[in-house]
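Written out below as structure tokens is the structure these notes cover.
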Number of protein chains: 2
Amino acid sequence: MEEHQAIRALSALAHESRLRIFRLLTRHGTEGLAAGKIAEQLELPAATLSFHIKELSNAGLVLDRREGRSVLYSLNADGMQNFLSFLLDDCCGGQPELCGPLYQLKPKPRRKRASKEA
Amino acid sequence: MEEHQAIRALSALAHESRLRIFRLLTRHGTEGLAAGKIAEQLELPAATLSFHIKELSNAGLVLDRREGRSVLYSLNADGMQNFLSFLLDDCCGGQPELCGPLYQLKPKPRRKRASKEA
DNA sequence: TCCATGTTTCCATTATTATCGAAATGTCGA
DNA sequence: TCGACATTTCGATAATAATGGAAACATGGA
């Protein structure tokens, strides 16, 4: 994951509504949750929800799929791992003591996919 | 770490210059680096550097100390750990598979300090 | 085809954040 | 105390992000 994409992910999560969306999706696995349900639970107007979830989507943190009239959103495990790896590489690579108990797991090198990178 | 503080940390890192400051500090341990040196290395005007580094400081991610005429900045290990814990709690707590190899380390509960929480 | 339902796009408005020169503040040495 | 140096604050301006109603688009059922 390159810097630019990491910044998108950080920005995406750096907003109250979006962090809530993220946390909500965290509890709904690969099945995910319909846009309408998310909007309902978080009491957001449809247009606002749509705007924010697109932000998360562009950042590579959520996936969407249509199912009937609904669009279901779920977390993107690959995206999350890339993002977390990026952060941890910096912290634990440069100053392992920053990561405390997270230290042990950092030997894993950042993986590179064939071409999919946007 | 509560949501509000986590959002500050995410916002703080979600900016090209600030992410670079962070990464630079990562390579300078507890000794840290003077404001002027950071500005020089990143080619930022002093006022701009000062603005951004305050953002990181408010987010609890960096520490500052004066030494002679200089102000030295370094990463705040406590702040980083709280921040990373917050993120990992959500991901690995809700959907462990998101964290992949990071999974193992999550049994650790979020620690709570006596009163320092802002 | 027509309608109800679910979602997204458009777009105007408002709010927040970034930029950086100039002035102010703090520190040291002479 | 003065002057050089290091950094921060001020303040005006520019750039970017958020909000949400209304209109457009997509889907499925009758």
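The values are calculated or read from the model by the stated rules, or taken from the named source; none is laboratory data. All of these numbers come straight from a predicted model, not from anything done at the bench. Glycine also receives a Cβ, built like all others from the backbone with ideal geometry; neighbour counts cover every protein chain displayed. These area figures cover heavy atoms from the full protein model, side chains too; ligands, DNA and RNA do not enter into them. Shrake-Rupley method; radii C 1.70, N 1.55, O 1.52, S 1.80 Å.
What does the copy distance list look like for A:Asp78, label position 7 Å along Cα→Cβ, in nm and ordered from shortest?
4.1
Which aspartates and glutamates have a Cα lying under 13 Å from the Cα of B:Lys54, excluding residues fewer than 8 positions away in the same chain?
The reachable aspartates and glutamates, counting only those whose Cα sits under 13 Å from B:Lys54, are B:Asp64.
Percent of accessible area on the range B:1-101 owned by carbon and sulfur, 1.4 Å probe?
On the way: 2120 of 4490 Å².
Of the solvent-accessible surface of the range B:1-101, carbon and sulfur hold 47 percent.
Treating the point 7 Å from Cα along Cα-beta-carbon as the label, what are the nm separations from A:Asn58 to the other copies, to one decimal?
Spacings between copies for this position, smallest first, are 2.4 nm.
Along Cα→Cβ at 7 Å, what distances in nm separate the A:Glu97 label point from those on the other copies, shortest first?
3.9
Along the three principal axes, how long is the range B:3-77 when you take its alpha carbons, biggest first, rounded to the nearest angstrom?
Projected onto its principal axes, the Cα set of the range B:3-77 covers 36, 23, 19 Å.
Please give the average number of partner chain Cβ atoms lying within 10 Å of the Cβ of each residue in B:71-79, rounded to a whole number.
Values: counts 0, 0, 0, 1, 6, 1, 6, 2, 1.
So the per-residue partner count for this stretch is 2.
For a quick check of understanding: with a 1.4 angstrom probe and all protein chains in place, what accessible area in square angstrom does B:Tyr73 have, to the nearest ten?
For B:Tyr73, solvent-accessible area is about 30 Å².
Probe radius 1.4 Å, ligands and nucleic acids left out: which of B:Asp78, A:Asp64 has the largest accessible area, and how do the rest follow? Present the calculation step by step, with values, prior to reporting the outcome.
On the way: B:Asp78 65, A:Asp64 90 Å².
The ranking, largest first, comes out as A:Asp64, B:Asp78.
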